[in-house]
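Working notes, structure below.
We did not get these values from a lab; they are worked out from the coordinates using the rules stated. Quantities reported herein were computed from a predicted structural model and do not represent experimental measurements. Every residue, glycine as well, gets a Cβ built from its backbone with ideal geometry; the counts of neighbours run over all protein chains shown.
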Amino acid sequence: MRKNEYRRNDKMKENNKNIDEKSIEERMPKLSQDHMVFAADESSKRWVNAVIESYNIGDIHNEAGVTIQIVSKNKVRCIRLFNDPGAWYSLSIIQEQFKCANIEFEIDPIVIITPMKEAIIGAKDDTKKDVTAVSDKSEKITRVKEATQPSLDTYGMEVA
């Protein structure tokens, strides 16, 4: 390698280090004024309340590349975010919707950022998902719950 290449690599490493040190919330895109108005709208508040009421504590909800877990009737946490610009923007909107509905929305340090390659592979294996449509008047929410049936992986296997 030449001197310039070493310098460039060092500079790239330093930039990546600075990016990794930022919290998820610091890295989230800012919402447009239209999306801020949308997040504060009554339909958004009804959607948030429908999500909260449709799940048990501990259940998860997937929405536009964002996976949230219900912690209580007043708190949710983002546990997974697909590393895609659309998912990052969706996270910003969803966080603002929950904030406007007076529901605490945790992100850092809980969320795991999933590369899109894994997201595409994971989408092919939908055999462990139970999808149920829930209707709240004219609005529909798609609920996705992880299957709870025990497997050998859960309990292990005794070998004589």
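Which value, in nm² and rounded to one decimal, describes the direction-averaged projected area of the C-alpha convex hull of region 43-108?
So the mean shadow area of the Cα hull is 3.9 nm².
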With a 21 Å threshold on alpha-carbon distance, the violating pairs from K22/K117; K22/K75; K73/K99 are K22/K117; K22/K75
Proxy exposure order for D84, D34 (fewest C-beta within 10 Å first) is D34, D84
